[in-house]
1. In nm, what is the difference between 0.36 nm times the number of residues separating residue 128 and residue 165 and their Cα-Cα distance?
2. Quick check: residue separation of residue 215 and residue 200 times 0.36 nm, minus the Cα distance between them. What number comes out in nm?
3. For the stretch 55-74 and the stretch 75-91, compute the distance between their C-alpha centroids and round to whole Å.
4. Pairs of Cα atoms under 8 Å, at least six residues apart: use those to get the relative contact order of the chain, whole percent.
5. Direction-averaged shadow area of the convex hull around the Cα atoms of the chain, nm²?
6. Using only helices, what value at 222 nm comes out for the chain when you add -39,500 (n - 2.57) per DSSP H run of length 4 or more and divide by the total residues, to the nearest 500 deg cm²/dmol?
7. How much of the DSSP bridge set in the chain is antiparallel, in percent, rounded to the nearest 5?
8. Relative contact order for the stretch 93-216 using alpha-carbon pairs under 8 Å, separation at least 6, rounded to a whole percent?
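Every read-out reported here was derived from the displayed coordinates using simple, explicitly stated rules and does not represent laboratory data. In this text, all values refer to a predicted model and were calculated from it rather than measured experimentally.
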Amino acid sequence: MTARAHGGSPLATGDRFTFATVQYESGDWDSAPLVAANVIDAVARFTRIDVAPSGTVVPLASEALLRHPLAFLTGHLPVRFTAAERTMLGRYLDRGGLLFVDDHNHDVDGPFHRTCTEELARVTGALRPIPNTHALYRSFFRFENGPPNTSHELNGWGDNLVHEQLLGAERDGRLRVIYSNKDYSSEWSFHPENRKFLSVDNVRFGVNLVVYALTR
C-alpha cells in the first residue's frame, strides 16, 4: 500500500500516521478519549501502515492541523466554531485533509448534530448522503451494506433509528468531510485489550477511514 499525504504527495520515508483528535473551543471535544487508542491498535493489527503508538490532540485553529491527513471530531454539546477555527478548517480541507465527525449522542435532533452540521455547512456547503457503494466502504475491509451499525442503534438507544448512510462533502470525487450519527465514539470507546472478547472487531471501519485518507 502506498500511503499519500493529504496534499497529494507520498508520505516521506520514516513518516508515521498519527491519529489526530480535534480540539475546538466550544462543547466537549474530549468526550471519547479511548477512540484514538482503539483505531491505532486496529490499524497496527490489520495493516502495514507505520502508525504512531499514541494519538495527538490538535486545536482546530492551529496550523498543526495541516500535518494530519485525517482528523477526528466528536462531542455531545452545541458546537460553534470561532472565525479562526472556520478559516483553518477551510484551509485544511482545501489542502486535501479529511475530517471525520461523529455525533456522540447518536441522534439527528440533538444539539451537537444541529449546530455541528450548521458549522460544517458554512465551510463546505450542505452535507449530503454518502452512497453505500462508495469507495470508502471497500478501501480496506469490505462493508457491502455501507457503514456498519453500532450496538446503540440496534438496541434502540438514542433516536431509535439505524442510520443507513453517513453524510459527507466531496470535492473532485474525494470526500473532504464524513459525518456520522451512528455514535462510533461510544462503540469504539473501550480499552484495546478488551478487543479479544469481541467476535468481530468493531473498529474495522476505523481502519477504512485511515486507509481512505491516506490513499485518496
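1. 12.4 nm
2. 2.9 nm
3. 12 Å
4. This gives 25 percent for the chain.
5. Reported value for the Cα convex hull: 10.8 nm².
6. So the calculated ellipticity at 222 nm is -8000 deg cm²/dmol.
7. In the chain, DSSP labels about 30 percent of beta bridges as antiparallel.
8. 35 percent
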